[in-house]
């Protein structure tokens, strides 16, 4: 990881951090598992990674946090690279219009989840990657370590165990899709893979770097190609339309970048062909997105003029 | 309207037209009113307009067709320019996940439509523009004439009358929202405005030109500003997430541009900062989007590499 | 109307009235129109009519109140007598599981309302009766006058006008079903008929008498037959499963009789082959049923052992 | 079991059997598990049990069949007898308006199933009975043996295993409710109890006798009281409003008796204070009720005039 702290994006990040510092309301950390509830809502970090691996950062940008749903992007990329368009027979790519863990749509649509970023869809993608690799979570971890250049990245086994202990809703989703023959692996195996993958701890710097393959349209840190140009654009498109739960329209409206949030308070975003961002602040709004995180990204695109629109 | 036929985009358009020509299946024209059902499904036209007003075209690109829902974009711009963010207290900006004329979501969400591009949302926007101008449809027509440079653009009164005769579902939407105090004008007045606005006939050339204010981030053909930079980006964002009914995710995935379709078979699309497109072919898929139109835009972004992602 | 006040049911009614008198909480009168909001929530009346027309009563049992949805039972009987089972192609007979004025189910079920006692279903029945009689509301009024023996029964034009002024939701329902070709008459004509029919003012004594044709399995007060034995039982069955909005299961559980409530605070009930009841108290629970009314019927069946179960 | 074959109900049963014999169309047996799919759709049996235990029968009335959801009635009675009204904080008593295995309503209503006869509701009741008895299925089996006087009644372990092998949807329901803290036992334990209880094999004679405690308003075969008068009436009410999946309204309309069907093709029904019925024929309609079974009950109430209405 090459890091500099004096160039292009640094002043913007510092200005944003100052503004966020002055903002009183920051939402509430997720409280369904102890590890998330214990986060300090005043934490704030933000990093920008350029295509060449240069990273700028501010605040708690080197502090590892619980990535949660952010890893759904990487799992999708890893599976799509292996199976290609066949994946889309098992999961859609439309915004859901419903909360991320809803079962309603699944029932109306015969066990095919709306997109890979709601929980049901991520379960399907994990299931398929696991069938192809025999170790979906391990595959994800290797990828994140290589792209971030941080070999210390790891699962948080305590978080994974906590998720499993509160995992009835995800178990319900998995069994429900299994009833429609849309799950291959045994449910306990799948849930274990899924919860471990959600438990990865990584910093803003790590995640901004790990996301650059999307800004480089499919090229990994070592110069090899993971995805075709077209596939990379497609993942960016799905992030834009489906990446922030049922607030995707609002996020596109305010931020104007492909993004993916997690209930740990992190959000990654992509400026295709230019750079990636990762912001973290644990306080969430009622739809599960980081309050300060969305505000920071909103300011970033306003101040820099970077936006896909 | 300045038109040239030998420069940059012309060869691409011609190649696309040839490919489309060889495609057998083209969907089915809308059949709920006679004027649409009578369209020849083999019709195909496509135009590209550059920021300076240069237009390229192929096939039936000068043939006027029924714009239908495409005008929802312009009505939104005209109202947003007048009332600003207050509009968003009356209509959302999230993808609906449901067909364009559904009432289900309205009921769960207390009469606030999901976005300005489903019928319910467009009724609200029309209602609000009408309250501010006393002639929403006339305001729209003037705008389209001025931006396209075509003073002959007009309503198709026969289509408007047909829509009114088959207008029970839109009347239901309007009354339903009125029950939640989300409609100001009398329902018959509103419906008349709404149906006339949907009835505008225009060609691909006209619509590509009329859309350039979005590619120019708010600047009209005469150099005046209709929308702020931010507002223009916001409309592009809403087109991307909500512009093609419940296929917005798929359109973003395949085409990667902000777009808006109509059941007349037209689709407009924006390459921010670069150009606009309009394609027309009356055969629709089961979600109401032009089959050849989406295919042509898909080819265009693949061949040119133009995409927001 | 033959009335006695000393026989079988009188002591039970008096005991119930005393108990109700001591009950503090009585719900809230409907407030969507002024005439209902102005009702005194302490009002309480109850009447029992035997098969021979003997009526017992207590409290405000001779006080006319706004019948509202109670008249849906009579309109159904009048239409079923005329068109027979053909009606069931246009309206179902299943409990709705949703509030009485919901549009959600209508959309999923192609414009066929679940049953004749939700608003959508009553609009269909009124529409069909009006097509057969050219005066649905007048037909209803004549029937109620004849069965109750009270020629002074009448519409409350002020209430009808109020309903019309707040009628957007019913207009939405009517237009929505018209879009599915399930309404024959012009919507304004239908709504006028519907609102007038809801506006009838009648007392507990009037309504208990007017309902006896159901306890007599189809035989009217003058000895002529309105419905076949089978049809009368069918209406009783629909009252039991669908007569009290989305609380039908609870009403069957607590009261155990076919019943129909109105937001004016009245409820009619049938003990097949034995007698009918009408109770009135304007305070409603959150599902639109009279709080004291349900309590009084619950006590009645407990004290007398009368119940269909 | 005292049986006679010459008295009151015998001629009616024989007439019905002859009519059914002449009916060509009989629906399709359930096919989700092999044991049900293998049933002969021409099978037909019917039994009537009087309050004193006299049983009349016709056709395959002594042939054991898979009781499936019919046992939900007995499990409900056994739990209600133990815990009383506290049960109703965990399950509702309203008709669902949705298929018996739907998750949609559960999500909108926070994990509280609509009634004890949809799968979700029966899982809750089984869970609660199991917490109170440590052997819900065993408790049920003992009860059925004692009331029917048939000690040979037993689970069909092959059916229970089949159900478990196809149990993803019920597992989804159970996990989903557990996510709302509405399940006490471990899910695998609960599912085992649930599937065994559904697997009981019994004949029409057995089930008609086992149901008589409801016709006797709570009194068991040995004269002891299981339920209060009021509780017995309440179960009858719930059977009438919720006993035949999303066809309860139609069943009440046609048959007019409290009833409960199972996908094995059996239906039990109660004439309070008079007798009980059980009919069996494996061919189902699209809502999961026996075609010949409903037709036979319809004829029975028409021919005898027995009906609660």
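The values are calculated or read from the model by the stated rules, or taken from the named source; none is laboratory data. Since this is a predicted model, take the numbers as computed values, not measurements. Neighbour counts are summed over all protein chains in view; Cβ atoms, including those assigned to glycine, are modelled from backbone coordinates with ideal geometry.
Suppose the filter is within 14 Å of chain D (Cβ to nearest Cβ) and part of a loop (DSSP other than H, G, I, E, B); does residue C:297 pass it?
The answer is no for residue C:297.
Filtering C:76, C:51, C:36, C:103 for residues that are buried (at least 19 other Cβ atoms within 10 Å of the Cβ) and modelled with pLDDT of 95 or more leaves a single hit, C:76.
Of all residues in the stretch D:220-231, exactly one satisfies the criterion of being outside any loop (DSSP other than H, G, I, E, B) and either within 21 Å of residue D:279 (Cβ to Cβ) or touching a residue at least 60 places away in the same chain (Cβ under 8 Å) (or both), namely D:231. Within the set B:21, B:89, the sole residue that is more than 30 Å from residue B:178 (Cα to Cα) and free of Cβ contacts under 8 Å to residues at least 24 places away in the same chain turns out to be B:21.
Please enumerate the residues belonging to the stretch A:147-158 that are under 18 Å from residue A:204 (Cβ atoms) and touching a residue at least 24 places away in the same chain (Cβ under 8 Å). Hits for the stretch A:147-158 are A:147, A:148, A:149, A:150, A:153, A:154, A:156. Of all the numbered requirements in (1) within 14 Å of chain A (Cβ to nearest Cβ); (2) under 27 Å from residue B:159 (Cα atoms); (3) crowded, with 24+ Cβ neighbours inside 10 Å, residue B:95 misses one, and that requirement is (2).
Suppose the filter is farther than 18 Å from residue C:126 by Cα, within 10 Å of chain D (Cβ to nearest Cβ), crowded, with 21+ Cβ neighbours inside 10 Å and touching a residue at least 40 places away in the same chain (Cβ under 8 Å); does residue C:263 pass it? For residue C:263, the condition - farther than 18 Å from residue C:126 by Cα, within 10 Å of chain D (Cβ to nearest Cβ), crowded, with 21+ Cβ neighbours inside 10 Å and touching a residue at least 40 places away in the same chain (Cβ under 8 Å) - is not met. The numbered conditions (1) within 20 Å of residue C:240 (Cα to Cα); (2) surrounded by fewer than 21 Cβ atoms within 10 Å (Cβ to Cβ) are all true for residue C:108 except (1). Working only within the stretch D:10-61, note down all residues that are in contact with a strand residue (DSSP E or B) (Cβ under 8 Å, 6 or more places away or on another chain) and under 16 Å from residue D:211 (Cα atoms). Selection gives D:46, D:47, D:48, D:49, D:50, D:51, D:54, D:55, D:56, D:57, D:61. Here residue C:274 meets the list (1) farther than 22 Å from residue C:195 by Cβ; (2) within 9 Å of another protein chain (Cβ to nearest Cβ) almost entirely, failing just condition (2).
Do you know which of the residues in the stretch A:239-253 that are in a helix (DSSP H, G or I) and more than 8 Å from every other protein chain (Cβ to nearest Cβ) is surrounded by the fewest Cβ atoms within 10 Å (Cβ to Cβ)?
A:245
The requirement of being touching a residue at least 60 places away in the same chain (Cβ under 8 Å) and out of contact with any helix residue (DSSP H, G or I) (no Cβ under 7 Å at 6 or more places or on another chain) is fulfilled somewhere in the stretch D:101-116, by at least one residue. Considering the conditions (1) at pLDDT 95 or above; (2) outside any loop (DSSP other than H, G, I, E, B); (3) surrounded by 20 or more Cβ atoms within 10 Å (Cβ to Cβ), residue C:88 is excluded by exactly one of them, (3). If you go through the stretch D:15-39 and keep only what is in a helix (DSSP H, G or I) and more than 25 Å from residue D:300 (Cα to Cα), you end up with D:34, D:35, D:36, D:37.
The residues on offer are D:255, D:294, D:270, D:279, and the sole one that is touching a residue at least 24 places away in the same chain (Cβ under 8 Å) and more than 20 Å from residue D:21 (Cα to Cα) is D:270. If we scan the stretch B:282-299, do we find a residue that is in contact with a helix residue (DSSP H, G or I) (Cβ under 6 Å, 6 or more places away or on another chain) and at positive phi? Yes; the residues of the stretch B:282-299 include at least one that is in contact with a helix residue (DSSP H, G or I) (Cβ under 6 Å, 6 or more places away or on another chain) and at positive phi.
Filtered by the rule that a residue be free of Cβ contacts under 8 Å to residues at least 24 places away in the same chain and under 21 Å from residue B:132 (Cα atoms), the stretch B:166-215 gives B:175, B:178, B:186, B:187, B:188.
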